[in-house]
Amino acid sequence: MGPLKPDISIRKLTDLDLPGLWKSGIRGLLLDADNSLIPYGTMSLPDGYRTWLDDALAQGFSIVILTNNFKRRATLIKRLIGLPVVYGWVKPWPWGMAKAVKELGMPKERILLVGDQLFTDVLGAKVAGLSSALVDPLAAKEHAWTRLMRRLERLAGR
Ligand SMILES: [Mg+2]
């Protein structure tokens, strides 16, 4: 399996098979914020996502939000979602990923990272030895930098 191949590919976060993940030993979810959980350019959760998060917590999963955004937006995200947020130059850098894993406080074998980008999310998961799930981006509108990454993703065969 190449470094840019996710373990799971799904359309959206809420399509994750939580009971199946639990059975396979996953106990912690690292969720990318922008365009996996919160549509780019907005500050709200899509319909059903709040309920999904609450269900996952009720089933016993620990959840930490990941964002490469800096403090201002990270604070807004934390206020919106009410879960721990690890932010800054997190993905795919080893030190950032280590911080995220430490925040969940469990062995890497028990952690699944969910995100919409190969070069930050999936690569970050590989760097840290975590399982990964790739979702389709929630909004078509993206950062100029992300658009460049998409072109590279297509070259990498996504
Ligand atoms: Mg994202």
Using θ = phi - 60° and Karplus 6.51 cos²θ - 1.76 cosθ + 1.60, couplings along region 108-116 (whole Hz; Gly, Pro as x): 4, 5, 9, 10, 10, 9, 10, x, 10
Dipole of the chain [Lys/Arg +1, Asp/Glu -1 at C-beta], most positive-end residue of Gly60, Gly129, Leu16: Gly129
Too long at a 21 Å Cα-Cα cut-off: which of Lys71/Lys102; Lys71/Lys99; Lys5/Lys126; Lys23/Lys99; Lys12/Lys99; Lys12/Lys108? Lys23/Lys99; Lys12/Lys99; Lys12/Lys108
State the Cα centre-to-centre distance between region 24-69 and region 79-143 in whole Å. 11
What three numbers, in Å, describe the spread of the alpha carbons of the chain along their principal axes, ordered from the longest? 38, 35, 29
If each residue's Cβ is checked for other Cβ atoms within 10 Å, how do Ser36, Ser62 rank with the fewest at the top? Ser62, Ser36
Within region 1-76, list the trypsin sites (Lys or Arg not before Pro) lying in a DSSP loop whose Cβ has at most 10 other Cβ atoms in a 10 Å radius. Arg11
Please order Tyr87, Tyr49, Tyr40 by the number of other Cβ within 10 Å, starting at the fewest. Tyr40, Tyr49, Tyr87
Among Gly129, Gly115, Gly20, which one shows the biggest mean-square fluctuation in a GNM of the chain, springs joining Cα atoms closer than 10 Å? Gly20
Counting other beta carbons within 10 Å of each Cβ, put Leu113, Leu155 in order, fewest first. Leu155, Leu113
Under 5 Å between amide hydrogens, which residues at least 5 positions from Ser132 or on another chain qualify, with H placed 1.01 Å from N in the peptide plane? Asp7, Ile8, Leu113
Suppose R0 equals 25 Å. What FRET efficiency, 1/(1 + (r/R0)^6) with r the Cβ-Cβ distance, do Asp55 and Arg79 give to the nearest 0.05? 0.75
For region 145-158, in residue order, the Karplus 3J(HN,Hα) values (coefficients 6.51, -1.76, 1.60; θ = phi - 60°; whole Hz; Gly and Pro = x) are 4, 5, 4, 5, 4, 4, 4, 5, 4, 5, 5, 7, x, 5
HN-Hα J couplings of region 120-131 from phi, Karplus 6.51/-1.76/1.60, θ = phi - 60°, integer Hz, Gly and Pro as x? 10, 6, 5, 5, x, 4, 4, 4, 8, x, 9, 6
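Bear in mind these aren't lab numbers, they're just calculated from the coordinates by the rules spelled out. Only a predicted model underlies this, so the values are computations on that prediction, with no experimental measurement involved. Every residue, glycine among them, receives a Cβ derived from its backbone with ideal geometry; neighbour counts consider all protein chains shown.
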